[in-house]
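*Asks:* Sharing a structure with you now.
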Amino acid sequence: MKQSHLFAPTLREAPSDAEAVSHQWMLRAGFIRQLASGIYSYLPLGWRVLRKVERIIREEMDRAGAQEMLMPALQPSELWKESGRYDAYGPELIRVNDRHAREFALGPTHEEVVTALIRDEIASYRKLPVTLYQIQTKFRDEKRPRYGLLRGREFLMKDAYSFDASREGLDASYWRMYEAYRRIFQRCGLNVRAVEADAGAIGGEGGTHEFMALAEFGEDTVVTCSRCDYSANLEKAEVRASGEPVVDTAETPAAYPAMEKIHTPGARTIEQLAEMLRIEPRDIIKTIVVSADGQPVAVLIRGDHEVNEIKVKQQLGAAQVEMADAETVVRATGTPIGFVGPVDMGIPLLIDQAVARMSSGIAGANETDFHFRNVRPGRDFPLQVAGDYRQAALHDPCPRCTEGTLQFHRGIEVGHVFKLGTKYSEKLGAVVQNASGQAEPVIMGCYGIGVSRILSAAAEQHHDENGLIWPMAIAPFQVHLIVVSVKDETQSEFANRLYRALADRGIEVLMDDREERPGVKFKDADLFGIPLRLVVGKHAGEGLVEFKERGREGKTVLTAEEAMDRIARFFLFSD
Ligand code: 9G3
């Protein structure tokens, strides 16, 4: 294509509200433009990248035996009432009414729609397994859309759904999708880690992995081991219990002095308490009150650790767990936050295993401005539900191997695969006759890729201080052919010859034929991030052209033939 023809409005500066690097470059390079908060147009260059990502996804989904289809974005709210999710989602679920005042949801995902389809169309196990997928626009009214395409309110997702008659079948479908995901991200040039994850709101029967593109603007925290290949979303990362609980009922009272109340005026936080008593946070028993489906529960966490609400939620089997606010704490314990403690605590207690292993500690005395010292777990409060309720911390020992320690990374979730089990098929009555004639709910898996998010993840992972550097397989063009001065007949003639030679080989070339100063052309070329560059300049008379790879130092002066060979090498075994 001729750049004098291309619609790609570049910007000298990124708007101040663009924080993520990928967002800045994609705006400045004219790949996307915002229509409204979290809602974007893909301009021609952005759209070319998006279509290449889609092509890779389709090839790998088809290779994995999934069948592409397309479901509507408008979903009757009855389906969401049938699945019981209608009320589970508040303002995030966009609802509209049609001309007959019937309510519809703008689809944020399609479990209900696809399960209803299978319910109505498949009645025998002989017709299974089936895996269906679509690439389609999703709507989620995010509270805080940000970082451009990373967290949008209207975005492109590939969502697939597998239907099996047995758990073994689901396993096979799951791992086939898992492997297809690894190939997709690898072909897109993304550095991605598959991590154990929490099933979150989708529920299902366990078994879920997230695919995380490591990047500084990632909203998720990925935990990896320095030695083995253990990796997990921080929400899910396990903590290895070190040592044994200290409870020994035969202990002599003298061994551990009795509790004593101490006056700690105004010491509401761990830091203030540690400061006042000149002790370490690890010597403090932090009592956190959460509200689990509205019920107050106290969680004991060592002072230098953080509570993991997802783990608390899993243990309690609650649908909703959040930190109790100040008046809930007072109402539940009679004490203000900061002075709540586990001794004679009137609400259920969860004790993190690290607290169960403290020989003694400081804890709230359930009285304003007072704490207890020498509080002994198991003696002064029961250890009945000791478990793993804390967030894994940096350098914790790896829960899987014995030598490694945990490292933290920021990650962008670009894929998520789930074993759903029968959660939706039971709710919606998608059953099949099994071999012995009984009706059984089909066993499902669901598999998502953030297609538009991949653009941002790739831009986050591939850029430098001058602009984007697209991986060849998803680049908007493959070769950027720059004519230094189009007025110079020799240069233009030579450049056109190269342009035709490349196009004849099926190579996607963008020729900068604009009447612009060279500096402007090179700056724009750096912005666009097309991986290979040919510059036709003053050596055109000798039939020489300058070759350069975006993102690498150095240029080489070549004849036209050498340049063609050099470029052809990039496409021998590529996408
Ligand atoms: C909603 C809204 C937002 C949502 C959901 C439902 C996330 C919802 C989880 C999933 C699970 C999988 C198929 C593809 C892969 C992910 N946000 N999820 O279910 F109503 Cl407003 O979407 N779905």
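The values are calculated or read from the model by the stated rules, or taken from the named source; none is laboratory data. Only a predicted model underlies this, so the values are computations on that prediction, with no experimental measurement involved. No Cβ is skipped: glycine too gets one built from the backbone with ideal geometry, and neighbour counts run over all protein chains shown. Protein only, heavy atoms only, side chains kept; ligands, DNA and RNA dropped before computing areas. Shrake-Rupley method; radii C 1.70, N 1.55, O 1.52, S 1.80 Å.
*Asks:* Give, in nm to one decimal, the length gained when the segment between Asp17 and Glu179 is fully stretched (0.36 nm per residue of separation minus the Cα-Cα distance).
*Replies:* Extra length from Asp17 to Glu179 when fully extended: 54.6 nm.
*Asks:* Next question, about the same structure. Looking at the stretch 260-387, what % of its DSSP beta bridges pair antiparallel, to the nearest 5?
*Replies:* Antiparallel bridges: around 75 percent, rounded to the nearest 5.
*Asks:* Using θ = phi - 60° and the Karplus curve 6.51 cos²θ - 1.76 cosθ + 1.60, what whole-Hz ³J(HN,Hα) does each residue of the stretch 79-87 get, with Gly and Pro shown as x?
*Replies:* Values, residue by residue: 4, 6, 6, 4, 7, x, 9, 4, 8 Hz.
*Asks:* Hey, another quick one. Given the options Ala172, Cys398, Ser231, identify the residue whose Cα lies farthest towards the positive end of the charge dipole of the chain (+1 on Cβ of Lys, Arg; -1 on Cβ of Asp, Glu).
*Replies:* Ala172
*Asks:* With a 10 Å radius around each residue's Cβ, average the other Cβ atoms per peptide and rank 342-352, 89-99, 364-374, highest first.
*Replies:* 364-374, 342-352, 89-99
*Asks:* Compute the relative contact order of the stretch 477-569 as a whole-number percentage, counting only Cα pairs closer than 8 Å that sit 6 or more residues apart in sequence.
*Replies:* 31
*Asks:* Also, quick follow-up: So which cysteines of the chain have no other cysteine's Cβ under 4.7 Å from theirs?
*Replies:* Lone cysteines by the Cβ rule: Cys188, Cys446.
*Asks:* Please list the three semi-axes, largest first and in whole Å, of the ellipsoid equivalent to the stretch 260-387, using sqrt of 5 times the eigenvalues of its alpha carbon gyration tensor.
*Replies:* Taking √(5λ) for each Cα gyration eigenvalue gives 22, 16, 13 Å.
*Asks:* Evaluated at 4 °C with a viscosity of 1.567 mPa s, what Stokes-Einstein diffusion coefficient in µm²/s does the chain have when Rh comes from the Kirkwood expression over alpha-carbon pairs?
*Replies:* The calculation lands on 47 µm²/s.
*Asks:* I'd like to know how the stretch 129-241 sits against the 2.2 N^0.38 Å rule of thumb: what's its Cα Rg over that expected value?
*Replies:* So the Cα radius of gyration is 1.18 times the expected 2.2 N^0.38 Å.
*Asks:* Using a 1.4 Å probe, what is the accessible area per residue for the stretch 260-387, in Å²?
*Replies:* Accessible area per residue, the stretch 260-387: 45 Å².
*Asks:* Within the set of other residues whose C-beta is less than 11 Å from the C-beta of Arg151, count the net charge using Lys and Arg as +1 and Asp and Glu as -1.
*Replies:* Net of charged neighbours comes to +3.
*Asks:* So, one more: Any idea what the relative contact order of the chain is, in percent, if you count C-alpha pairs under 8 Å spaced at least 6 apart? Can you show the working numbers first?
*Replies:* On the way: 1223 pairs, mean separation 98.6, N = 575.
Averaging sequence separation for qualifying contacts and normalising by length gives 17 percent for the chain.
*Asks:* Share of the chain's accessible area from carbon and sulfur, percent, 1.4 Å?
*Replies:* Answer for the chain is 49 percent, counting heavy atoms of protein chains only.
*Asks:* Please figure out what share of the DSSP beta bridges in the stretch 477-569 is antiparallel and state it in percent, rounded to the nearest 5.
*Replies:* Beta bridges within the stretch 477-569, antiparallel portion: roughly 45 percent.
*Asks:* Helix check for the chain. Which DSSP H runs span at least 18 Å along their own axis by Cα, with a mean Kyte-Doolittle hydropathy no less than -1.0?
*Replies:* Going by DSSP H runs, the hits are 44-63, 489-504.
*Asks:* Along the positive direction of the dipole of the stretch 24-139 (beta-carbon charges: Lys, Arg +1; Asp, Glu -1; about the Cα centre), which of Ala88, Val130, Tyr42 reaches farthest?
*Replies:* Tyr42
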